[in-house]
Amino acid sequence: IPVRSSRLPLFCDAMPAPTQLFFPLIRNCEMGKIYSTACYCHHKHLCCLSPHLVHNHLRYAPQKKFATLCRPNENFSQFIHARSYVSTPQRFYLTPPQVNSILKANEYSFKVPEFDGKNVSSILGFDSNQLPANAPIEDRRSAATCLQTRGMLLGVFDGHAGCACAQAVSERLFYYIAVSLLPHETLLEIENAVESGRALLPILQWHKHPNDYFSKEASKLYFNSLRTYWQELIDLNTGETTDVKEALINAFKRLDNDISLEAQVGDPNSFLNYLVLRVAFSGATACVAHVDGVDLHIANTGDSRAMLGVQEEDGSWSAVALSYDHNAQNESEVARLKTEHPKVEEKSVVKQDRLLGLLMPFRAFGDVKFKWSIDLQKRVIESGPDQLNDNEYTKFIPPNYHTPPYLTAEPEVIYHKLRPQDKFLILATDGLWETMHRQDVVRIVGEYLTGVHHQQPIAVGGYKVTLGQMHGLLTERRARISSVFEDQNAATHLIRHAVGNNEFGTVDHERLSKMLSLPEELARMYRDDITIIVIQFNSHVVGAYQNEEF
Amino acid sequence: MADYSNKLYEQLEQETGIKTGYVRTGSISLAQTQDRLISLKRIASRLKVMGIPCEIITPKQVAQLHPMINIHDLVGAMHMPEDAVVSSADVSLALANAASRNGVQIHERTSVSHVMIQKGAVAGVETDRGQIECQYFVNCAGQWAYELGLSSEEPISIPLHACEHFYLLTRPLKKPLESSTPTIVDPDGRIYVRSWQGGILSGGFEKNPKPIFTEGRNQLEIQNLHEDWDHFEPLLSALLRRMPGLEALEIMQLVNCPESFTPDMRCIMGESPTVRGYFVLAGMNSAGVSLGGGAGKHLAEWMVNDYPSENVWSLDLKRFGALQSSRTFLRHRVMEVMPLIYDLKVPRWDFQTGRQLRTSPLYDRLDAQGAQWMEKHGFERPKYFVPPGKDLLELDQSKTFYKPDWFDIVGAEVKCCKEAVCVIDMSSFTKFEIGSTGGQALEVLQYLFSNDLDVPVGHIVHTGMLNQNGGYENDCSVVRLNKRSFFMISPTDQQVHCWAWLKRHMPSDSNLLMEDVTWKYTALNLIGPRAVDVLSELSYAPVTQEHFPSLFCKEMSVGYANGIRVMSMTHTGEPGFMLYIPIEYALHVYNEVMSVGQKYGIRNAGYYALRSLRIEKFFAFWGQDLDTFTTPLECGREFRVKLDKGTDFIGRDALMLQKQEGVYKRFTMFILEDHDTNLDLWPWWGEPIYRNGHYVGQTTSSAYSYTLERHVCLGFVQNFDPETGEELLVTPDFINRGEYEIKIAGQRFQAKAKLYPFSSLFTPRRRKDEMELSGYQGK
């Protein structure tokens, strides 16, 4: 639909449209009617269900609802024009520094230092960033170094129906993966340490932006679930070395299972009880990379994407996808769903490009509404806290819900052996991929990463240049590099392009300024949350690995 | 060395008739901060006693000497009126010319493919134009010295690495700059400026150097190096800030001229430890021209006389081993060394790059307990342990010439050593085992060491390893393990030098078994009055003073671990034990010691505590206080020399003579009297000592004594004839009858001189004759 295109012209005067005006309209609609039409809305994962949801804790932002009413683009623009006289015309011009402070608020870089001296990591470092469209943002990101095994884990998580599930997965998934990878002895050691109250071996070293938080309240609960997991692994000891692919699959499935179980069992602490229910009833996709030397594994569940940036011999850039989207555009996913359910459901299981006509990703964590039996859902909701009972969304059972589960968290794992020409890997939520073509994404990052270091050098040659002139020139050049327009972070640079690109593929400041000054309620119409991690590989190290083998 | 170069270049033109561009311009080093000024004052007071004119001047005086300088941000400067400039190419030409006249053949455009070696000595050189037989080979290949070293038949490791270095040449000023304009060094701006053909030549040592040729020279030919103006920008800004009047000056060229740097910012010279006749002079750290003359003189002396006329241990190739030769290590280290040239040099400074190379098995354990580390010869050693909840300053802010932030932490460790028990990981020491099937080991060692090693099995002997002149080549402890084998402990950085010395002085037909076992043992120093209690609990063998007097070694079990070499010495004069533990038992023994020691108040301590303890006890340390020019008689260690042990030993004749004649310098301990530890500048080393107002020598080390609550400096006192400057004998009487002052950065402090340590500092349980007097723990 047109709204999805980031090329949508902006009407800055109309930006602060007070959406409340449209609530009565929506309220008058029947729910069922909304279902049938709503599927056209821009909101990528779940259609809006009822106006009540507008106010629920899951924060389904209202603009998504009114978007359902103005499906065709013309209507939308007419409406905005028509609306413009109501609100006070306001101009939003963010100055370049203001734009930068918004873009850079969540940026984070981690460099494996050259001075380390003992570093043999194939990763030079990574840049990550996110730009919210939802308030609060529903995307999450994680990055950590495995301390008891080799390798590094990086992942992006795209939440829907709230951020609770994405938050939980971002905190917990890497622990599950790390534990799955641990050799039997280390597991025993950790268990013994816990048993005897000794200090635990650190499993992960996190690389977090200050805004990336961990839930303090749930840590005990999460830890107990994790411990049960490793205890089972200890009992199961197969004596075989752990296969990374298998470990990733097991970790994903186990965590999803734990999320589901915790919600069924509940917790005596009412806050926690509510939290585990929120986690289970919201959903999240995950795209995780495990890098160990030249061995790159991508585990993907849902529609975030991993894209490898490859530099060809002539210096040009090409994109190699290392994940498959799990959505209606993926034929084998559609086929999978159809074979997993009786033939009578063939029409209903994927409807209007959505799972049961509702959910855009075909695999996800949480979302017990698509996993539990109707009985179980009802039971849990009834015994659950009032907030849950009052919630129309949670109470609502998807239509044509006959043979659950319809949804799985099992990832598809792709293995790739790094080559010296593989310069970087981009992990990003669909907020990026729906605004930019993968080829452009890789080119922009590739040019950014090489260009920052190779500015055309100056040579005096035979010209008459004074020290003062040269100084002026150099200060100007330096200012250009470190200027507000120049990003220190590849992910920020990519977001700048994703949001601010004009028809010519270059960043248009005015456009950028308008996009970023959209009020909270409107932002979600023009873009989705964007989360990006750009991982840079050390070609020398990768090359050395390769040489070792020959 | 620079002073000699200056004198050499001055007369070179007259001697050879070749213009060298020598102009005595003088130089001015600027200080933008008070700390920098302190540093300059320290340099000035040392230069003055060497007879090199130099003075600290005010910014106004700077303006008078050099009118173009912006003095608004200066706090002072150091002026050296006799400094000079030369044209380096012309000096080289003149030197080559003079050499040719004396019969030297120079083969230009000839490349050396490798150096031929026979029986461990240089035999000749293979070039692209044929072979040349020779007895000596000097590797002076600058930044290619590393590669040339590796291309001999037995690789010689010469740790250096090149960095790009940029300097700017300009056209003349409108009113051309006088050639006698003083050279300016602005270390805080990281630049130097000299006049050059009416314009200026200016370069610097930037914070972010560009290492080059890591993978060898084939990668890029030196002619193809490009100017990098963006990289030069910070230096250009500093230049224009210092001399704003240069704005209109026209650029001629930005020269990119790589320079080689070494892992410790000191040049590399001397003979290879493995190949006789293979000499090296390289890694000048961008001071090739100024140090070249003096360095050449030292090297010539070395080749002719077997050793230079001055102590050059700090420049000796043998201070490095193969462990400093990794290209990655060198690349990272020189990135730190190059900026260091203009960084502020403060006491107790540790390199941050190329760390964690050699570590004890306890490293992680100690690190988790707050250990702060320093490095010696690649080995990580704990400085002190930061207690939980206490934060020290950031690295940059901790740089100080005054009282450091760890003062109380080390104080607490010292107190614990004195009153309870501490454990210090001292695994870095060089450890050799020497044995033979017959009695040859004893025979050879008796010849190599000055003390008598023919002692009962289990005795520890502190002894020097002297050269022909009676000077210390090494200072070590030797344990007689059994009739035919010995265990030798030397300072950490002796690993290469000591090995080479032993190899060289052994009979060539020797069937001695010699092994470097440094890596096989972890050494724990259990120090303090309760050490004996801790050890008793861990072993059934009696360890009390009666059963285990000091300076004995017993192999015993500690905890479950058997075969631990326990030695009743601590290198500090405090009671306690050194445990030499096979590394696989290290963690076990450490854990046992810590858990048993808990009830005796045991804690970890580091080398700073050890250092304070040994200096207040007047223990000299080889490499810092002792060098190849110091004899045992000059440092009060006659009792460690057995002139009449029945066999000859190296240096015996020289010592006999000295014993008759007396000594010309004497190792002395000074206790600072009117020095305020909290407010005054701390002594370091190299401070001039004045006796009755006359200069008599320099300090070699110093530390705060927590027991005396005073600073203690150690140093050598000489006796110069006030008329002629001739060196006279130094007698105890001369030492004792004098009023002393130590000059720290220009300020004099009264000091009390002592030739013997305070006996009150030793524990009453020990009799004086049993006193152990050794210490060779690091700086």
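The values are calculated or read from the model by the stated rules, or taken from the named source; none is laboratory data. Predicted model only: the values in this text are computed from it and were never measured. Note: ideal-geometry Cβ built from the backbone for every residue, glycine included; neighbour counts use all protein chains shown.
Please specify each residue of the stretch B:319-362 satisfying the condition of being away from every other protein chain (no Cβ under 14 Å), closer than 14 Å to residue B:376 by Cα and buried (at least 16 other Cβ atoms within 10 Å of the Cβ). Within the stretch B:319-362, B:319, B:320, B:321, B:348, B:360 meet the criteria.
Among the residues of the stretch B:363-385 satisfying the criterion of being of a type in the set (Gly, Ala, Ser) and within 19 Å of residue B:587 (Cα to Cα), which is nearest to the other protein chains (Cβ to nearest Cβ)?
B:368
Annotation: residue B:140 fulfils all but one of (1) closer than 30 Å to residue B:38 by Cβ; (2) more than 14 Å from chain A (Cβ to nearest Cβ); the unmet one is (1). Identify, please: which residue in the stretch A:305-347 is polar (S, T, N, Q) and part of a loop (DSSP other than H, G, I, E, B) and is, among those, farthest from residue A:359 (Cα to Cα)? Residue satisfying both the conditions and the ranking: A:316.
Looking across the stretch B:56-70, the residues that are free of Cβ contacts under 8 Å to residues at least 12 places away in the same chain and farther than 19 Å from residue B:34 by Cβ come down to B:63, B:64, B:67. Every condition in (1) farther than 21 Å from residue A:460 by Cβ; (2) touching a helix residue (DSSP H, G or I) at 6+ places or on another chain (Cβ under 7 Å) holds for residue B:258 except the one numbered (1). No other residue among B:424, B:489, B:460 is touching a residue at least 60 places away in the same chain (Cβ under 8 Å), in a strand (DSSP E or B) and in contact with a Gly (Cβ under 7 Å, 6 or more places away or on another chain) apart from B:424. Checked against (1) exposed (fewer than 15 other Cβ atoms within 10 Å of the Cβ); (2) in contact (Cβ under 8 Å) with a residue 12 or more places away in the chain; (3) closer than 22 Å to residue A:444 by Cα, residue A:307 passes all but condition (1).
Quick grid of which residues meet (1) at pLDDT below 95; (2) under 20 Å from residue B:278 (Cβ atoms):
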residue	(1), (2)
B:78	no, no
B:99	yes, no
B:129	yes, no
B:133	no, yes
B:141	yes, yes
B:147	yes, yes
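Among the residues of the stretch B:670-694, the ones that are buried (at least 16 other Cβ atoms within 10 Å of the Cβ), out of contact with any Gly (no Cβ under 8 Å at 6 or more places or on another chain) and farther than 19 Å from residue B:630 by Cα come to 9 in all. Considering the stretch B:75-193, the qualifying strands (runs of 3 or more DSSP E), each wholly inside and each with 1 or more residues that are of a type in the set (A, V, I, L, M) and exposed (fewer than 15 other Cβ atoms within 10 Å of the Cβ), run over B:121-127. The residues of the stretch B:708-751 that are polar (S, T, N, Q), in a strand (DSSP E or B) and over 24 Å from residue B:617 (Cβ atoms) amount to a single one, B:747. Against the conditions (1) under 23 Å from residue B:662 (Cα atoms); (2) of a type outside the set (A, V, I, L, M); (3) at pLDDT below 95, residue B:617 satisfies every one except (1). Elements of the type strands (runs of 3 or more DSSP E) sitting completely within the stretch B:211-308 and holding at least 2 residues that are within 14 Å of another protein chain (Cβ to nearest Cβ) and surrounded by fewer than 19 Cβ atoms within 10 Å (Cβ to Cβ): these cover B:251-256.
Just wondering, is there one or more residues in the stretch B:645-668 that are assigned to a strand (DSSP E or B), under 30 Å from residue B:405 (Cβ atoms) and in contact with a Cys (Cβ under 7 Å, 6 or more places away or on another chain)? Within the stretch B:645-668 (the criterion being assigned to a strand (DSSP E or B), under 30 Å from residue B:405 (Cβ atoms) and in contact with a Cys (Cβ under 7 Å, 6 or more places away or on another chain)), the answer is no, since none of the residues qualifies. For beta carbons closer than 8 Å, sequence separation of 6+ or different chains, a first residue in the stretch B:626-642 that is assigned to a loop (DSSP other than H, G, I, E, B) and a second that is β-branched (Val, Ile, Thr), the qualifying pairs are B:631/B:663.
The C-beta contact set for the stretch A:443-462 (first residue more than 14 Å from every other protein chain (Cβ to nearest Cβ), second residue in a loop (DSSP other than H, G, I, E, B) and modelled with pLDDT under 70, distance under 6 angstrom, 6+ apart or interchain) is empty.
Taken as a whole, the structure places residue A:185 among residues that are of a type outside the set (Phe, Trp, Tyr), assigned to a helix (DSSP H, G or I) and farther than 24 Å from residue A:111 by Cβ.
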